[in-house]
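Only one structure is covered here, and it is reproduced in the block below.
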Amino acid sequence: MLLDALKDFSWHNEPFNVRFSEEGMIVETQPHTDFWQNHRHNFQKDDGHFFYQNCPPVFSLDIKWHAENPGNFTQCGIMVRHNEFNWAKAGILCASKDQPQMGSVVTVAGQSDWASAPLETCPADIWYRLSCQNGDCVLSYSLDGRQYQRLRLFYLNSDNGLKAGAYACSPQESSFSCTLENIAFK
């Protein structure tokens, strides 16, 4: 990953430990971080780590993460965001080593939902693709970097612009190390 490609990116909740290697940008998440909104039950979490760029009305984003030995509920994936009450994310979620899932969350007006699909294994490498056209978005993922599975279609208000990029978080006690190997807008 070239550092020049990252010059237009910013952090929302930058982690304390970010470093670069030949493989990419290594992110170590802080414990107890997540993105989730539920105003009815007075539960808001907006302290996960989000590495983003402001987006035009029409864009496509490809991301590749590498993560070995994820902990319970740790995540690294792709995110698009209007504000803290309107956003979407997709990432691998391992509730336990025996139950890896591809999960997605769409949050509208401060209410998060959650959809998941089981995976056979928790892969070390995962590719994500997000395509948006004036708020109409498609999230996809790939286990080999060639064939993508559509995960979710949704609408996200983009009147004041969207931010898109990579996210990582650790909702429970432990931190989590993952490597962002590629991030590219089209």
**Message:** Please compute the Kirkwood hydrodynamic radius over the chain, one decimal place, Å, based on all pairs of different Cα atoms.
**Reply:** 16.2
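Calculate, for the chain, the solvent-accessible area per residue in square angstrom, rolling a 1.4 angstrom probe over the heavy atoms of the protein chains. Could you put the intermediate results ahead of the total?
Details: 9360 Å² over 186 residues.
Using a 1.4 Å probe on heavy atoms only, each residue of the chain averages 50 Å².
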**Prompt:** Longest exposed-loop-site-free stretch of the chain, with GluC sites (Glu not before Pro), DSSP loop and at most 10 other Cβ within 10 Å?
**Reply:** 23-119
**Asked** Taking square-rooted eigenvalues a ≥ b ≥ c of the alpha carbon gyration tensor, is segment 1-82 rounded, prolate or oblate, where a/c under 1.5 means rounded and, failing that, a/b exceeding b/c means prolate?
**Response** oblate
**Asked** Among the lysines, which have Cα under 19 Å from the Cα of K64 when same-chain residues fewer than 8 positions away are ignored?
**Response** K7, K89, K163, K186
**Globularity ratio of segment 118-186, using Cα Rg and 2.2 N^0.38 Å** = 1.29
**Request:** Kindly provide the chymotrypsin sites (Phe, Trp or Tyr not before Pro) of segment 25-122 that DSSP labels as loop, not H, G, I, E or B, and whose Cβ sees at most 14 other Cβ atoms within 10 Å.
**Result:** W114
**Prompt:** Taking the Cβ of Y148 as the center, what net charge do the other residues with Cβ under 15 Å away carry, scoring Lys and Arg +1 and Asp and Glu -1?
**Reply:** +3
**Request:** Normalise the Cα radius of gyration of segment 29-129 by 2.2 N^0.38 Å (N = residues in it) and let me know the number.
**Result:** 1.09
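The values are calculated or read from the model by the stated rules, or taken from the named source; none is laboratory data. Computed from a predicted model, the values in this text were never measured in an experiment. Glycine gets a Cβ as well: all are built from the backbone with ideal geometry, and neighbour counts include every protein chain shown. For accessibility, only protein heavy atoms count, side chains too; no ligands or nucleic acids. Shrake-Rupley method; radii C 1.70, N 1.55, O 1.52, S 1.80 Å.
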